[in-house]
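Presented below is the structure to which this report refers.
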Amino acid sequence: MIDSIRTIQNERRVHHEVREIFVRACTLLAPFFKDNKEAPGVSKFAMTHMLSDHFPTLSGSQTQIVISTVERLHREGRLQTLLENQTRAPGT
């Protein structure tokens, strides 16, 4: 019981809604990054609207957090691995 309370108290992340939808958002945004090193500006506009349509409870800043994190994962070559691991995970 005490360990779980400490875990909650030590949690620095404040965007829990983003954590809940992140993998689904990655799947949704992945086509924007196919064959692109970075998504062009017009695609960022489209990504913002797509995320807003699919996840209307996200704030504008949360939407930008998702986009910038997906961009970073793509640049680092980790986006595809994340998506592949998610499709292999049991119960998904």
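Pairs linking a residue in the stretch 17-38 that is modelled with pLDDT of 90 or more to a residue that is surrounded by 15 or more Cβ atoms within 10 Å (Cβ to Cβ) and not in a helix (DSSP H, G or I), with Cβ atoms under 6 Å and 6 or more positions apart or on different chains, are ILE21/PHE55. If the condition is being out of contact with any helix residue (DSSP H, G or I) (no Cβ under 7 Å at 6 or more places or on another chain) and not acidic (Asp, Glu), then the stretch 47-70 contributes HIS49, PRO56, SER59, GLY60, SER61, GLN64, SER68, THR69. Applying the criterion of being surrounded by fewer than 10 Cβ atoms within 10 Å (Cβ to Cβ) and either modelled with pLDDT under 70 or of a type in the set (Ser, Thr, Tyr) (or both) to the residues of the stretch 39-56, the residue that is farthest from SER68 (Cα to Cα) is VAL42.
The values are calculated or read from the model by the stated rules, or taken from the named source; none is laboratory data. Being a predicted model, the structure only gives us computed values, none of them experimental. Methodologically, a virtual Cβ is constructed for each residue, glycine included, from the backbone with ideal geometry; neighbour enumeration extends over all protein chains shown.
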